[in-house]
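Visitor: Sharing a structure with you now.
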Amino acid sequence: MDLDVAQRLFGQASPNILLSSILTGMAARPMTGQAFYVLTALADGPRHGYGIVGEVAELSQGRVKLKIGSLYGVLDRLAAEGLIEPDREEAHDGRLRRYYRLTQDGRRALAEEAELRAATARVVRARLRLTGEQAAG
Amino acid sequence: MSSDLERRYRRVLRLLPGWYRQQWEQDMVAAFLDSWLTGDPAADEYISKVAGPSWAEVASVAGLAVRLHLGGPGTPRRYAWGHAIRRAVLAVLLVHAVLAVDVLVFLVWSRRLVGWLPAPPASLVVAPGGGWDTVYYLVSVTWIVIFVTLALGHYRTARVLAALAVVPGLVALLQAQLTGILPAPFGPWIFWVLVDLAPVLAMTAFHRDAPPAAPGPWLLALPAGYVLVYGPLMALQATGNSAWLPDFSGLCCILVSLACLAHAPRARSRQAAGTGLRSLTLVLLAAVAGAYRIVTLTDYLNDPHLINVSLAELLIVVAAAALVAPDAARAQTATPAPPPYPHAMAA
């Protein structure tokens, strides 16, 4: 590497740069897969933390195994967004289990997300059928 | 009485911020113990002695801790910092992308790759530099790709590409240092640390739950930034006023100062929503530009005039940042909650 290349690489000679930073607002977030499973686990009634972990594993046929840290990251966020809320606390083997339930907003958000996913699944199935027929033909 | 298993898990939970533990620790401990204990006292006693949180469990808590410290959604004070860091990273990557556009424009012009362009002045014609030139151009293109992918919300792709993009710079720096051809003692190193490495590390703030920025304005900022920054600089050069051209760190100070001045009226009126987050971002950028200016002062120790100019640039950026700093401080205590899911909003 010669001096000229070094100067261009490290830029003391050439003034470069940015304009004023264009700072923009936030866009709405899509629902994550984990949040979808957690809301689904609460759809038929309140559950405590470990109960949700078990239900999510069953719903996903063992493909989603939530760790406790991940679960509470999701629960905290869903509670902050008003989609779930504490239901009750029960003592079990000397430990206090807190149960969570869906709010009305949570129920609505889950229903709409399920509809969105079902519509996507219908498109996928239709396209796969189409390409399957083409491949067979 | 807490068991050994519980104590081990609580130790891991210390990674989480205090305010979060206050709210969730008991619940997390209960869920964790539920996942291990069987209800049989003998078996549970044995499990409590030998078992502990798995690496995956520790990783999940560590991941949650990073997200909370860097502003995961629903974390009021931290949210402001996470938001500001993400915008500051995008701004620094915008700098990289604008620099890269300049490199490519220069390449096209100096090598006369487009026939109808006027011939470049002899001083700008550079002979091909071999392998390093190729790496230099490839890295430049990569920075543009990183900026665009990050603005479009492809966080993981951007992180991987950025981690790769900083390596050639480090190798080239080491080689230049060892062969004694580094143009200045500290400037190139601090450029690599502040403008290359720091944003790559700060890209951890673009975690899975980070709300995406609206990509349109950021993508528009790339051509606009190039024209608005390089236009005046080229005009200065073309009119024989090259002596007025600031160096890179000086230019950073000037541009951040201009951005602060442009934002100051809104920040001081406190009427528009979200001004505090912008102010916090600008204060972060001013801190980076100021630090860069301070370190590069050492490049001019033999030139009192340039030292004075550099100190003036430093003062300007500090004064400009002071205009928006009160609004930035306010952002940390009054950050609006992140928006709910789109479905809930529509309902």
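Visitor: Could you please give the count of residues in the range B:295-327 that are in a helix (DSSP H, G or I) and exposed (fewer than 15 other Cβ atoms within 10 Å of the Cβ)?
Guide: We begin by selecting, within the range B:295-327, every residue in a helix (DSSP H, G or I); these are B:295-300, B:304-327.
The next check asks that each one be exposed (fewer than 15 other Cβ atoms within 10 Å of the Cβ); those that pass are B:298, B:304-305, B:308, B:311-312, B:315, B:319, B:322, B:326.
Residues in the range B:295-327 being in a helix (DSSP H, G or I) and exposed (fewer than 15 other Cβ atoms within 10 Å of the Cβ): 10 in total.
Visitor: Being modelled with pLDDT under 90 and crowded, with 16+ Cβ neighbours inside 10 Å narrows it down to one residue among A:76, A:93; which is it?
Guide: Exactly one residue qualifies, and that residue is A:76.
Visitor: Answer with yes or no whether residue B:251 is free of Cβ contacts under 8 Å to residues at least 24 places away in the same chain, crowded, with 17+ Cβ neighbours inside 10 Å and in a helix (DSSP H, G or I).
Guide: Yes; evaluated as a whole, the condition is true for this residue.
Visitor: Turning to a different aspect of this structure: Of the residues B:188, B:211, only one is surrounded by 17 or more Cβ atoms within 10 Å (Cβ to Cβ), in contact with a Phe, Trp or Tyr (Cβ under 9 Å, 6 or more places away or on another chain) and facing chain A (nearest Cβ under 8 Å); which? Before you say what the answer is, go through the steps one by one.
Guide: Working: B:211 fails: in contact with a Phe, Trp or Tyr (Cβ under 9 Å, 6 or more places away or on another chain).
After ruling out the rest, the residue left standing is B:188.
Visitor: Given the condition loosely packed, with under 11 Cβ neighbours inside 10 Å and without any contact (Cβ under 8 Å) to a residue 60 or more places away in the chain, answer yes or no: does some residue in the range A:105-112 qualify?
Guide: Of the residues in the range A:105-112, the ones loosely packed, with under 11 Cβ neighbours inside 10 Å are none.
No: the range A:105-112 contains no residue that is loosely packed, with under 11 Cβ neighbours inside 10 Å and without any contact (Cβ under 8 Å) to a residue 60 or more places away in the chain.
For (1) within 12 Å of chain A (Cβ to nearest Cβ); (2) outside any helix (DSSP H, G or I); (3) touching a helix residue (DSSP H, G or I) at 6+ places or on another chain (Cβ under 7 Å), each residue gets a yes or a no:
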| site | (1), (2), (3) |
| --- | --- |
| B:167 | no, no, no |
| B:174 | yes, no, no |
| B:184 | yes, yes, yes |
| B:207 | yes, yes, yes |
| B:225 | yes, no, yes |
| B:229 | yes, no, yes |
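Visitor: Turning to a different aspect of this structure: Only one residue in A:33, A:82, A:54 is more than 30 Å from residue B:261 (Cβ to Cβ), modelled with pLDDT of 80 or more and within 7 Å of chain B (Cβ to nearest Cβ). Which one?
Guide: The conditions single out A:82.
Visitor: Does at least one position in the range A:39-50 carry a residue that is modelled with pLDDT of 90 or more, in contact with a Leu (Cβ under 8 Å, 6 or more places away or on another chain), closer than 20 Å to residue B:16 by Cα and within 12 Å of another protein chain (Cβ to nearest Cβ)?
Guide: yes
Visitor: A further question follows. Restrict the check to the range B:23-32 and report whether at least one residue is more than 8 Å from chain A (Cβ to nearest Cβ), modelled with pLDDT under 85 and in contact with a helix residue (DSSP H, G or I) (Cβ under 7 Å, 6 or more places away or on another chain).
Guide: Checked against the condition, which is being more than 8 Å from chain A (Cβ to nearest Cβ), modelled with pLDDT under 85 and in contact with a helix residue (DSSP H, G or I) (Cβ under 7 Å, 6 or more places away or on another chain), the range B:23-32 yields no hits at all.
Visitor: Test each condition in (1) in contact with an Asp or Glu (Cβ under 7 Å, 6 or more places away or on another chain); (2) part of a helix (DSSP H, G or I); (3) at pLDDT below 80 for residue B:126 and report the one that comes out false.
Guide: (2)
The values are calculated or read from the model by the stated rules, or taken from the named source; none is laboratory data. On a predicted model such as this, the values are computed, not experimentally measured, just so you know. All Cβ positions, even for glycine, are placed from backbone atoms using ideal geometry, and neighbour counts span all protein chains on display.
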